[in-house]
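Asks: Quick one: the structure is below, questions incoming.
The values are calculated or read from the model by the stated rules, or taken from the named source; none is laboratory data. None of the values given here were measured: they were computed from a predicted structure. As a convention, Cβ positions derive from the backbone with ideal geometry for all residues, glycine included, and neighbour counts pool all protein chains shown.
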Amino acid sequence: MTVPRRVLVVDDNIDAAESIASLLSLSGHEVQTAHDGHAALRIALSFRPEFIFLDLGMPGLDGFVVAQRLRGEPGFDKVRIIAVTGYGTEQDRRRCLEAGFDQHYLKPVDPKFLESLLGNAWT
């Protein structure tokens, strides 16, 4: 069994975000969701997640801006920010790295795969 983690799932597709959040919750993780960039920032700053699964293409603040802003906050250097997105070009991957993402995965991502990411020992 994996160690329970604090996870924020951010996607403007509410069904997708809630589905992943429900499955991760059933695995024992403490999960919150956000459906736009402004909410993601607000929730992340109060919830202090260990992992953030973050969509890139959202109205308002996109995932690139959210990641950049979070990386500027104290304590967020150790948070694992993972892009889960439909944006898959080489330019998108490069922008993810520049914005401070740790990893980039294309949708649809198997929730069991996301669960395996949470189980990896990251230092």
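Asks: Take residue 60 and tell me if it is farther than 12 Å from residue 8 by Cβ, surrounded by fewer than 18 Cβ atoms within 10 Å (Cβ to Cβ) and at pLDDT below 95.
Replies: Yes: the conditions hold for residue 60.
Asks: Now a separate question. Which pairs have Cβ atoms under 6 Å, sit 6 or more apart or on different chains, and link a residue in region 1-30 that is outside any helix (DSSP H, G or I) and loosely packed, with under 14 Cβ neighbours inside 10 Å to one that is of a type in the set (Ser, Thr, Tyr) and modelled with pLDDT under 90?
Replies: The qualifying pairs do not exist here.
Asks: Could you go through region 46-61 and let me know if any residue there is out of contact with any strand residue (DSSP E or B) (no Cβ under 6 Å at 6 or more places or on another chain) and of a type in the set (Phe, Trp, Tyr).
Replies: So far as region 46-61 goes, no, none of its residues is out of contact with any strand residue (DSSP E or B) (no Cβ under 6 Å at 6 or more places or on another chain) and of a type in the set (Phe, Trp, Tyr).
Asks: What's the number of the condition residue 38 fails, among (1) in a helix (DSSP H, G or I); (2) surrounded by fewer than 19 Cβ atoms within 10 Å (Cβ to Cβ); (3) within 13 Å of the chain's Cα centre (by Cα); (4) not aliphatic (A, V, I, L, M)?
Replies: (3)
Asks: Restricting to region 69-96, what's the tally of residues that are within 14 Å of the chain's Cα centre (by Cα), surrounded by fewer than 16 Cβ atoms within 10 Å (Cβ to Cβ) and farther than 24 Å from residue 30 by Cα?
Replies: So the count comes out to 1.
Asks: On to the next question. Just the residues that are out of contact with any Leu (no Cβ under 7 Å at 6 or more places or on another chain) and part of a loop (DSSP other than H, G, I, E, B), please, taken from region 41-60.
Replies: 48, 50, 55, 56, 57, 58, 59, 60, listed by residue number.
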